[in-house]
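What follows is a set of notes on a single structure, which appears directly below.
The values are calculated or read from the model by the stated rules, or taken from the named source; none is laboratory data. The shown structure was predicted, so the numbers you read here are calculated from the model rather than taken from an experiment. Methodologically, a virtual Cβ is constructed for each residue, glycine included, from the backbone with ideal geometry; neighbour enumeration extends over all protein chains shown. Accessible surface areas use protein heavy atoms only, side chains included; no ligands, DNA or RNA. Shrake-Rupley method; radii C 1.70, N 1.55, O 1.52, S 1.80 Å.
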Amino acid sequence: MLFKQQALLRQKLFVLGSLAIGSLLYLVARVGSLDRLQPLCPIDGRFGPRGQDEIPLRALQFKRGLLHEFRKGNATKEQIRLLNLVQPLRGTRALLEMLNLHPAVVKASQEIHFFDNDENYAKGIEWYRKKMPFSYPHQITIEKSPAYFITEEVPERIYKMNSSIKLLIIVREPTTRAISDYTQVLEGKERKNKTYYKFEKLAIDPTTCEVNTKYKAVRTSIYTKHLERWLKYFPIEQFHIVDGDRLITEPLPELQLVEKFLNLPPRISQYNLYFNATRGFYCLRFNIVFNKCLAGSKGRIHPEVDTSVITKLRKFFHPFNQKFYQITGRTFNWP
């Protein structure tokens, strides 16, 4: 039987990430007690002069060594205490792979970045069509490019292609998402053997002692600002909000909600998901022969962040979170 190219304007679905660049989500388990909150400002006095407010590469390398022992099951209690933060997991990729368990879902193999990249968009819809996988007429194609959610031109561009499209947005606790965003950039610096400013130095404006809203990792976590831009083109009924944190700890209920939103027959069950204690997250079981776990690169070690900065960020995001709950009709257990 010949495969037919799925009708682009009729059966397209997007996953809009809002966590690190690839936004994506992360589960963070904190071990040990929090330090007493200390005054935050001035930042320069708190974190030292230039050169002392950067992350030493050996610190993350040391934590990765601890994580390796943790995953092998060889970590001592002291090593676990030192590790402090245990592997976050990137979420848009996790959601995409989990939805691919459904026989009526076909996923694009990579982030296409058609609508958020001017150069790609200029190549036209046929270029985009050729990037999509082949599928049967009854199947839904899913593409995810996390930058879609935060790029200003994207809602209008997608609307012009298909105004009835269904959209998935995966979110997680905004402060943790911002730290995950920072961590991704930090690792890029590390691969080039470069140092980078500490998160505190970037997230807090030292002149005002307030949250630095010019910092991209912070701006991306203000979900309601981005969603309001989308609502100029699409009604809220065409969106489904996925709880990224719950997707990692309890994936099945979240996946069942997505199935319902997409009007798909329920096919994903607990049989398809099993917890891998070594990796620390759920893996996928397609059948009795084929299992799949996400690549090890999907877990990142977060650097330690001053607790007073975390508190300040959570206070800053709180009113935006409340508005996001009101607009979407879904409440999350965010502090």
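May I ask you to rank 222, 327 by accessible area, largest first, using a 1.4 Å probe over the protein chains only?
Working: 222 15, 327 45 Å².
In descending accessible area the options line up as 327, 222.
Taking only C-alpha pairs under 8 Å that are 6+ residues apart, what is the relative contact order of the stretch 128-270 in percent?
On the way: 99 pairs, mean separation 41.3, N = 143.
Once divided by the residue count of the stretch 128-270, the mean separation gives 29 percent.
By accessible area, using a 1.4 Å probe on protein heavy atoms only, the stretch 120-180 has 51% of its surface on carbon and sulfur. The chymotrypsin sites (Phe, Trp or Tyr not before Pro) of the stretch 243-274 include none that meets both criteria, a DSSP state outside H, G, I, E and B (loop) and at most 16 other C-beta atoms within 10 angstrom of the site's C-beta. The relative contact order of the stretch 205-325, computed from alpha carbon pairs under 8 Å that lie at least 6 residues apart in sequence, is 24 percent. Taking each residue as 0.36 nm, the span from residue 104 to residue 190 lengthens on full extension beyond its C-alpha to C-alpha distance by 26.9 nm.
Under the shape rule built on the C-alpha gyration tensor, where the axes satisfy a ≥ b ≥ c, the stretch 198-335 is oblate, since a/c reaches at least 1.5 while a/b does not exceed b/c. About the centre of its Cα atoms, the stretch 132-238 shows a dipole size close to 300 debye [charges on the beta carbon of Lys, Arg (+1) and Asp, Glu (-1) only; nearest 20 debye]. Calculated accessible area for the stretch 128-287 comes out at 44 Å² per residue, all protein chains present (probe 1.4 Å; ligands, DNA, RNA ignored).
What does the highest-first list of 230-238, 113-121 look like by mean Cβ count within 10 Å?
113-121, 230-238
When the Kirkwood radius is taken over all Cα pairs of the stretch 199-259, what Stokes-Einstein diffusion coefficient follows at 20 °C and 1.002 mPa s, in µm²/s? Roughly 149 µm²/s, to the nearest whole number. In this simple spin-label model, placing a label point 7 Å from the Cα along the Cα-to-Cβ direction at both residue 164 and residue 311 gives a separation of 5.3 nm.
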